[in-house]
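Read-outs throughout are calculated quantities, based only on the coordinates presented, and are distinct from any laboratory measurement. What you are looking at is a predicted structure, and each value in this text was computed from that prediction instead of being measured. Please note: Cβ atoms are built from the backbone with ideal geometry, for glycine as well, and neighbour counts cover all protein chains shown.
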Number of protein chains: 2
Amino acid sequence: MAEPLRIALAGLGTVGAGVIRLLEANRTLITSRAGRPIAIVAVSARDRSKNRGIDLSTFAWEDDMTAMAARPDVDVVVELVGGSDGPALTLARNAIREGKALVTANKAMIAHHGLALALAAETAGLPLKFEAAVAGGIPVLKGLREGAAANVIERIYGILNGTCNYILSTMEDTGRDFGDVLKEAQQLGYAEADPTFDVEGIDAAHKLSILAAIACGAKLDFASVDTSGISRLCAADIAQADSLGYVIRLIGMAETERDESGARRLFQRVQPYLVPRDHPLAHVDGATNAVVAEGNYCGRLLFQGAGAGDGPTASAVVADLIDVARGEIGAPFSVPVGELEALEPAESGHRMGRRYLRFTVADRPGVLAELTAAMRDAGVSIESLIQKGRPEEGGEVLVAIVTHPGPESQVTEALRLLDGSPSLTAPPLVMQLLAK
Amino acid sequence: MAEPLRIALAGLGTVGAGVIRLLEANRTLITSRAGRPIAIVAVSARDRSKNRGIDLSTFAWEDDMTAMAARPDVDVVVELVGGSDGPALTLARNAIREGKALVTANKAMIAHHGLALALAAETAGLPLKFEAAVAGGIPVLKGLREGAAANVIERIYGILNGTCNYILSTMEDTGRDFGDVLKEAQQLGYAEADPTFDVEGIDAAHKLSILAAIACGAKLDFASVDTSGISRLCAADIAQADSLGYVIRLIGMAETERDESGARRLFQRVQPYLVPRDHPLAHVDGATNAVVAEGNYCGRLLFQGAGAGDGPTASAVVADLIDVARGEIGAPFSVPVGELEALEPAESGHRMGRRYLRFTVADRPGVLAELTAAMRDAGVSIESLIQKGRPEEGGEVLVAIVTHPGPESQVTEALRLLDGSPSLTAPPLVMQLLAK
């Protein structure tokens, strides 16, 4: 039997505990597939005394997790601590410096520091793997990096945040409002006490920026993701979308395009979209994630599965460990960091599409005329308009407009014309309609 | 720049031509991802003079394709000839004997000879890859072998034949009968002149047996796949399923179970299933393929995309070539052939489930009583029964029965009781209802 691959595991939350359980439960199979045993040697976490329901007695304990990187009896550091900086980043840097392979589930760290870490790992000839950072148990990074490796990926998009998808599909099923469903999700443990990262789209933007770099061959650029979340959606939006044949999903989307000078530019956006009911993403419910990649030879690929949870995330971490055990190094972003293009963000003004605009307006004469005049003056062509009174809301009225296809700049201009109007009692909400 | 990976390509049909075009179109990207150029050195096909719309002048031509394996200027043989035996198999064996890597899209050859070829390749330390043999452009073998490598796969099933799925979804959309839609599919090039391999489920069974070996860690056993096709389905079955909330899809399914002695057994079946409309596979239309893998840690994974066509199949072939260029060897069936278990086929009699039974009966008194008595005597509990006359068919009547959950053996017994009855004007048709 070949020498075991020796692991130091930092972070013993649900995912860390899941990794320990999985390595134990599927040990024989994992050894077969890896070609050698995968053995945890040392573990570390903030609180040693906490009862995690797993036996840690056979592992060395390190109080200082960043010191694990220096252990001579370790081949791979598995970082499951979380946080874009702090101890996680220190540990990751130390691990590579000490010549260890690095496996992490930390999307925030990869979104912020992935290129620097990958460059360090590549220079040292070490594996750096982060399948668990995007879409939980779905092997989508491997699918893009290797499975679809022959393709120019023309567009990649998907449902990347299980919390938002749970909230949206529950709103859809129950007709309840956002705040109400969020509260329940928090009680059920599907949403954090501070849900900002999830519901404002930041978590999805972390994942999208990682996907975009791999799929588009572009230097990772989290800061340029145009990000909005789902916290402003109300039950009426869901109902309106439903009556038009759509469901609402938080979609992360990336693609490259050429500007007038011929330079390649990167478009990255996280936003709620209206998804037509006959699109595969419309059937992705609950905490499920799904990613669509459109390649110039493979056509449209869909990867779907559990986007979070200890089991699925542990599955992705251990898949990375099996790759490391098999000597699979590979470029973390599919091509060497030096070959990733530094792309300017794409403008969105010329992007053609249909859009859903929702206005909350005062219930008085002339408001509709004001809205429609702004649309006309900006050149926005209206396909349908629905006005619904909400008498219980003190005379507020919702007006939902679906536009004909047109450039985004016209919608932006219409909203500029309406900016500051006393008729609007809340900022307008804009969503894209996803093409089939 | 590292040395190129040198290819001999046998078979210049649509897929072979697609591989040549893809390697040319995405050359820069492929070189980046592979870490070195991938260069075709020699090609071979039956007819040298045929105009394929591609420039072959820069490649050496071999009249005898099996001789390509012996060329000293070649690292990899790509076999795109097809057929389970004959020149394809000779070429494959020669390639491995001559120390070449082998990449193939040939499902029939892998289903029949995959274990022997894999053993030879493993013994010689050579890569043998066949991603394109299953589900066209979908990287599902890599997804199982590597992406879900940490999991015991408890069940794998999916839509594996694009021709059948095209026919079924067209029958669904148009209400037309099987023979009529098949004829159209043949005219459109979606079905072969001799459609037997596709419509009788044999092609799907080839693919299922490959998936099952990888997913279940079992020795490949094509001969034991319980196979039936779609040629006996009629428009009334589709309509009946629809009224019950189902669509009909040809599903390949494999899972392992324990028999009374505790031995692991392999269940493999290709059959039309009634798929509930809220199941992800119910939305897979046209020539699309989709595979669901249920792992004990990752949960349910879905891989979906184009199951055939020159572009998607070429995408899978070139992904294999990129892996070979990167030095990725790996066990073709995820674990070494010697570690695959030789599993006896599972009995199906004890399998619990709901079923759809369709009888074509003579339109005369007492027939329904005879059918329902047989059900009662066999212990089959009827959930619903629909009788529909087809006056234009000369007094024939269709009776569709949906059963309550029960063991398959009861249904088999009911059919045995009815066997030879003059009331039945055609053999009964049985379909499983897929659980959600």
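Here are the numbers for the structure shown:
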| item | result |
| --- | --- |
| Evaluated over the range A:175-225, the Cα radius of gyration and Dmax, each in Å | 14.6, 41 |
| Whole-Å semi-axes of the protein assembly as shown's equivalent ellipsoid (Cα gyration tensor) | 41, 39, 29 |
| Teacher prompt: B:Ile386 distances to equivalent labels in other copies, 7 Å Cα→Cβ, nm | 3.1 |
| All-pairs Cα distance distribution in the range B:42-138, expressed in whole percent, bin size 5 Å | 3, 13, 24, 23, 19, 12, 4, 1 |
| Shielding of A:147-159 by partner chains, average beta-carbon count, 10 Å | 6 |
| Relative counts (whole %) of C-alpha pair distances in chain A, using bins that are 20 Å wide | 25, 51, 21, 3, 0 |
| Rg/Rg_ref, the range B:93-172, where Rg_ref = 2.2 N^0.38 Å and atoms are Cα | 1.33 |
| Amide H contacts under 5 Å for B:Ile38, placed H, 5+ residues apart | B:Leu5 |
| Inter-chain shielding of A:331-338 (mean C-beta neighbours from other protein chains, 10 Å cut-off) | 2 |
| Helical segments meeting 18 Å axial Cα length and Kyte-Doolittle 0.0 threshold in chain A (DSSP H) | A:107-124, A:202-216, A:310-325 |
| Copies compared at A:Ala223 - label distances in nm, ascending, label defined 7 Å from Cα in the Cβ direction | 6.6 |
| Estimated 222 nm signal from helices in chain B, with DSSP H stretches of n ≥ 4 weighted -39500 (n - 2.57), rounded to 500 | -10000 deg cm²/dmol |
| Rounded to 5, the percent of DSSP beta bridges in the protein assembly as shown classed as antiparallel | 70 percent |
| Cα pair distances in the range B:278-324, grouped into 10 Å bins until the bin that holds the longest one, percent each | 22, 38, 34, 6 |
| Ranked by how many other beta carbons lie within 10 Å on average, peptides A:317-327, A:56-66 from highest | A:317-327, A:56-66 |
| Isotropically averaged projected area of the range A:329-436, using the convex hull of Cα atoms (one quarter of hull area), nm² | 10.5 nm² |
| Segments B:185-193, B:150-158 sorted - mean Cβ within 10 Å per residue, highest first | B:150-158, B:185-193 |
| Total charge dipole magnitude, the protein assembly as shown, about the Cα centre, Cβ charges on Lys, Arg, Asp, Glu only, Debye to nearest 20 | 680 debye |
| Estimated Rh, the range B:256-395: Kirkwood, alpha-carbon pairs, angstrom | 20.8 Å |
| Ratio Rg/Rh, restricted to the range B:180-260 and using Cα atoms, in which Rh is the Kirkwood radius | 1.06 |
| Pseudo-label separations to other copies for B:Gly83 - Cα-to-Cβ vector, 7 Å, nm | 6.6 |
| Shielding score for A:11-22, defined as the mean number of other chain Cβ atoms within 10 Å | 1 |
| Proximal lysines to B:Lys207, defined as alpha-carbon separation beneath 16 angstrom and excluding residues fewer than eight positions away on the same chain | B:Lys107, B:Lys129, B:Lys142, B:Lys219 |
| Cross-link partners of B:Lys50 among aspartates and glutamates (Cα-Cα below 13 Å; sequence separation of 8 or more within a chain) | none |
| Average projected area [Cα convex hull, the range A:140-306], square nanometres | 10.2 nm² |
| For chain A, built as a Gaussian network whose Cα springs stay under 10 Å, the top-fluctuating residue of A:Leu117, A:Leu371, A:Leu182 | A:Leu371 |
